[in-house]
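Here's the structure, in structure tokens; my notes come after.
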């Protein structure tokens, strides 16, 4: 009964989506306020309906209702409750429901925080989002219904893939989807503006916080996925340039470019056409990612079980949504005005140069990801494009972007003076260069990449310091604390996010430069030393988990004779799917991680063991979290809070003309 | 108590605290194997390197590569051995040939084109915007309005 | 051309490729060995371990080389097809027992039947590597001069046998 309620709720949600996707947009076109007024209640209704469906599926999992095909396929009676709930998004159908649910969450958020928007704008935005959700609901109801019954019911479920039975599974997909789907808001704003023909600075101002919030979620989501792979896969890697990882990284790059280009559009009203295109691109890439994961066109560690019918459905949907938007763009964009003037050497110019680099990087990831498919489709052979390619292409594109990151924030808007900039930044550059060249020697090893990485990281931090000092000299406030408080939050946000990149670069550079690993055969009682730490293997014990059995090793780790920690890596066997999983044990630290994973049992209680010493590896994810924190700070800036609190539309076109005449 | 424990550890330590042996017989061979294997693709896996995979075929291939290293074959010879049997698919670093030219030069062409377009657009734009200085003026007014709107509430 | 149409055009191209991609199988890797001489080997035979199985013995014949194992589920799927083909006598299928336990392989054959006149044993998987095997079952069509003419990845099905293998065998026979 409950699953049928869920199914029915989805059908109702589809009906609401059809209404929401059509009438308000039509109403906005003909100026009918009654039709436009439908948008808000429709969006909220849809949110509640999908929430009900989501709850019903969750209930089916919690109650172990194996008469639901999806539940039987992705969970098991032995599976602990939190993983049963996470199993909602453990495979194709449920993760699609999560996608749709999050889309309605964002719609609901738009209804809450859009009081200051003109009615036409709001109804168009919600209408566009309604159209998107219509596609996804239709997809679910036609070829991927999570509520499909299994008659007769299975005695027990086939279990969630053991790889996914991890705390990361509980939180990573929702975060990632919040990011992916969050770009639908910026997308809807862009389409609404194109439809209405009112691409102006106000549009950019409104889009900015939404884009930044989605970007924060995506940043955290990607970082969590990477951290998860790091400890779960047992190879100690944190980024594999797998097609599915790339699918999440491309929207991130486009989104990052979008945030910066929105700044130009907001400040100077310039490059609206480009900004709109980026907004369309960021969301299109999210959709493309959804397609790549689910269609089976690429092999990936993460891909869902595939079905050509589903692939075809998403492809058609993709073609309609993205194709339609780009056609609208081609039609409307030529009429958009130019905006304010600025010189090539100016903050605007640098932000746009950064955009070119980010988009080129994004294009390279796209090219590398799809290239094997292109060749195969043209029958020119099968190739693999993997980490060596991406590493060698990506770094040269990002290094100049990071270098610009240091200069950009110090350049004046409109027109900057290069010699003046050079003068202001010479200390920062000198300090960075000298430190970057000498520090590796102090640490005992020098390679060009090590120095380059450190140079970029220190450059970001030193230029941030210079920027902050100059800023403090210009704000009013009593004493240092007062002045610090007077600096706007959005500025802090930018500084913090940039410093997050610096932290990230330090992590990547150090771990690539200094990590050590060792594959050893350890008898009980034997020791192995890595990175100055001595690991003593005290044998394994059999342990029994809720739905697995495991051999758990005990490793006493000591440094200079003093015990640092005890690590318990496991080799687990999940009987339902008969899968062996390696659970690495990690002692995380600010300056290094110690990582142990069990290989295979050898004779006499001995094991093959893999040990890693990974300096600064946590800085990689720490840097991402700092970036996201920067985003949060930027969104909490005063001007957005004011804008949201306001109930009256601030800049409806008519009001603008009236006031202009008064002024 | 601590001292006692320490004493026991110190005294009994050498009796069993042997240094573990590396898994491979020759660390230099293992290092080269690793160096090669991280750029090779495991064929049966979804998308894993030969170094990371535990699939039986991956183990066999590692064994073959190890044997070839011991026989002192060059990296190129080893890679050719694999490509002859499995094709370019095993290489995570696609070789530069006619069909992969676009892949390798694409990113830099993209950058070059992007930069050129940006410079040209900015130049052309600078000329156009001077012709219509109103736009800037108008924009400032929007800014002002947004700011005023905020203060009134 | 309207430069604002450029993104749309790029997108259309990508969609066409994605559409074609839907019809392809990314896990099937074409063998570079097709058209090349079948690698030599001399492996002990499964039934009579004293005897050697080598492709050199089959010069002048068109034959199939089928890599299989008792642990491989796809091999069971294709097994009836091999039995039928063997019975029809149109082309001999030689087996290569790939990374298997001898006892289990013998049991497997006892239970399901043996379509092979001769079976070689590739315990270490070295022959498999030389033939570019990456997942059993895999089947090679080898011509009179010992050249590989076709490689089937995964289980053979009656359709493939009818439309691809047999016509190719006929054509190779007549050469």
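Observations on the structure shown:
- Spacing of the two label points (7 Å from each Cα toward its C-beta) at residue A:434 and residue C:40, in nm: 6.9 nm
- Across the range A:507-613, the relative contact order, built from alpha-carbon pairs under 8 Å that are at least six residues apart, equals 25 percent.
- Given R0 = 51 Å, the distance between the Cβ atoms of residue A:379 and residue A:590 translates into a calculated FRET efficiency of 0.45.
- The mean count of C-beta atoms from other chains within 10 Å of the C-beta of residues in A:521-528, rounded to a whole number, is 5.
- Once both labels are positioned 7 Å from their Cα atoms along Cα-to-Cβ, the gap between residue A:335 and residue C:83 label points is 7.3 nm.
- Centroid-to-centroid separation of the range C:116-141 and the range A:527-573 [C-alpha atoms, Å]: 40 Å
- Residue exposure sequence - A:142, B:49, A:534 - by fewest surrounding Cβ within 10 Å: A:142, A:534, B:49
- Here the spin labels are modelled as points 7 Å beyond Cα on the Cα-Cβ line, and at residue A:4 and residue A:422 they lie 7.9 nm apart.
- Ascending count of other beta-carbon atoms within 10 Å, so fewest first, for A:101, A:429: A:429, A:101
- Within the range A:273-298, backbone nitrogen closer than 14 Å to the virtual label 7 Å beyond the Cα of residue C:3 toward Cβ: A:273-275
- For q = 0.05, 0.07, 0.08, 0.12 Å⁻¹, Debye-computed log10 I/I(0) when each Cα of chain A counts as one equal scatterer: -0.26, -0.52, -0.67, -1.38
- GNM remark for chain C: springs join alpha carbons under 10 Å apart, and the peak mean-square fluctuation among C:125, C:154, C:89 falls on C:89.
- Förster radius 60 Å - calculated FRET efficiency between residue A:34 and residue C:24 (Cβ-Cβ, nearest 0.05): 0.75
- Extension gain for the segment residue A:543 to residue A:560, taken as residue separation times 0.36 nm less the Cα-Cα distance, is 3.0 nm to one decimal.
- The mean sequence separation of alpha-carbon pairs under 8 Å and at least six residues apart, normalised by the residue count of the range A:110-265, gives a relative contact order of 27 percent.
- Relative contact order of chain A, defined on C-alpha pairs under 8 angstrom at six or more residues apart (%): 12 percent
- With Cα atoms defining each centre, the range A:2-63 and the range C:17-55 are spaced 54 Å apart in the structure.
- GNM flexibility winner over chain C from C:81, C:141, C:20 (Cα, springs under 10 Å): C:20
- Each peptide among A:546-557, C:36-47, A:204-215 gets the average number of other Cβ atoms lying within 10 Å of its residues, and from highest to lowest they stand as A:204-215, A:546-557, C:36-47.
- Two-site FRET efficiency, residue A:22 against residue A:327, from Cβ-Cβ distance with R₀ of 22 Å, rounded to 0.05: 0.75
- Debye-formula intensities of the range A:436-585, expressed as log10 I(q)/I(0) at q = 0.12, 0.15, 0.18 Å⁻¹, are -0.80, -0.91, -1.03 (one equal scatterer per alpha-carbon, no solvent).
- Alpha-carbon centroid distance for the pair the range B:39-85 / the range A:262-293, whole angstrom: 42 Å
- Which of A:119, A:587 has the fewest Cβ neighbours within 10 Å, and the rest in rising order: A:587, A:119
- The range B:23-95: C-alpha gyration tensor shape, a/c 1.5 cut-off, then a/b vs b/c: oblate
- Relative packing of A:164-170, B:115-121, which averages over residues the other C-beta atoms within 10 Å, highest first: A:164-170, B:115-121
All of the numbers you see were taken from the coordinates with simple rules; none came from a lab. Being a predicted model, the structure only gives us computed values, none of them experimental. Note that each Cβ is placed from the backbone with ideal geometry, even for glycine, and that neighbours are counted across all protein chains shown.
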